[in-house]
Amino acid sequence: MLIGFDADDTLWHSEIYFQAAHAEFERILGAYVDLHDARVHDALLSTERRNIRLFGYGAKGMTLSLLETALAITGHALSGLDVQRLLDLGKAILAHPVELLPGIEQAVTEVAADYPLVLITKGDLFHQEAKIRQCALREHFSRIEIVSEKDPETYQRLLAEFGVGAEQFLMVGNSLKSDIEPVARLGGYGVHVPYVVTWALEAEHALEAGHPRVATVKSAHGIPGAIARLLEST
């Protein structure tokens, strides 16, 4: 059995920094428009959804979406100073040090003692590589894959490269949409570890509750036990 781990919001904190940038973005735009009337949150989400195919995931794509949304909402009245402030929001995320989630180091170490591990993450290549270099857990993973999207096609390709069938693969991650549902659809297993906050676009999934090959745990501490219980039922 091969065990896959997600990175952002599974091994280390990520989304809370994006949410903080979004909140600062709204404070900046509050000098130009009524935030409620302008529906800033909805406008930004719509821009991000549209731009994923162009820019992919991560801080760089978010920064470009912040700028595009701000220019549209303000009628291109955004000052040069505020353009710089938005650019700085993205740079701050890119420069933020890696902070492991509570209990994840022990969980990964324990699982690695029994199974081979791979790391599968999506996002900006340079940023993900930088975070992985900072992460002491990288030594536990036999392969590290940075992909542009996590969908059934991507997992099928990776499993073929790993030389295992879906029934011999279990994915651990915080996103039902990206980490769990695609693997379960292929016939694999998943351990869902919800993060404190989920990006709206990652909350969109069609995985039915109580899926027999999926377990949910409250924190990283529950990962090894959940893996054992799922695999015992096979």
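Quick rundown of the values:
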{"quantity": "Output for the stretch 163-177, where each listed residue is more than 22 Å from Gly103 (Cα to Cα) and under 13 Å from the mean Cα position of the chain (by Cα)", "calculated": "Lys177"}
{"quantity": "Residues located in the stretch 204-234, provided they are among the hydroxyl-bearing types (Ser, Thr, Tyr) and either assigned to a helix (DSSP H, G or I) or at pLDDT 85 or above (or both)", "calculated": "Thr216, Ser219"}
{"quantity": "Residues within the stretch 19-35 that are within 16 Å of Asp82 (Cα to Cα) and in a loop (DSSP other than H, G, I, E, B), tallied", "calculated": "4"}
{"quantity": "Number of the condition not met by His41 [criteria: (1) without any contact (Cβ under 8 Å) to a residue 60 or more places away in the chain; (2) in a helix (DSSP H, G or I); (3) surrounded by fewer than 14 Cβ atoms within 10 Å (Cβ to Cβ)]", "calculated": "(3)"}
{"quantity": "Filter pass, Gly58 being buried (at least 16 other Cβ atoms within 10 Å of the Cβ) and either modelled with pLDDT under 90 or in contact with a strand residue (DSSP E or B) (Cβ under 9 Å, 6 or more places away or on another chain) (or both)", "calculated": "yes"}
{"quantity": "Single unsatisfied condition, Ile16 versus (1) β-branched (Val, Ile, Thr); (2) part of a helix (DSSP H, G or I); (3) closer than 30 Å to Ser233 by Cα", "calculated": "(3)"}
{"quantity": "Test: residue in the stretch 44-56 that is in a loop (DSSP other than H, G, I, E, B), within 17 Å of Leu201 (Cβ to Cβ) and not assigned by TED's automatic domain parsing to the domain that holds Lys122", "calculated": "yes"}
{"quantity": "Matching entry among Phe169, Phe126 (being crowded, with 22+ Cβ neighbours inside 10 Å and over 17 Å from Asp9 (Cβ atoms))", "calculated": "Phe169"}
{"quantity": "Qualifying residue in the stretch 65-81 (condition: at pLDDT 95 or above, under 19 Å from Ile146 (Cβ atoms), among the small types (Gly, Ala, Ser) and part of a helix (DSSP H, G or I))", "calculated": "no"}
{"quantity": "Residue in the stretch 142-162 that is farthest from the chain's Cα centre (by Cα), counting only those that are closer than 20 Å to Glu208 by Cβ and crowded, with 17+ Cβ neighbours inside 10 Å", "calculated": "Tyr155"}
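The rows are residues; the columns are (1) over 18 Å from the mean Cα position of the chain (by Cα); (2) of a type in the set (S, T, N, Q); (3) assigned by TED's automatic domain parsing to the domain that holds Gln106.
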position	(1), (2), (3)
Tyr195	no, no, yes
Trp199	no, no, yes
Ala215	yes, no, yes
Ser219	no, yes, yes
Ala228	yes, no, yes
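The values are calculated or read from the model by the stated rules, or taken from the named source; none is laboratory data. Keep in mind that this is a model prediction, so the values were computed, not measured. Counting neighbours? That spans all protein chains shown, and the Cβs are built from the backbone with ideal geometry, glycine included.
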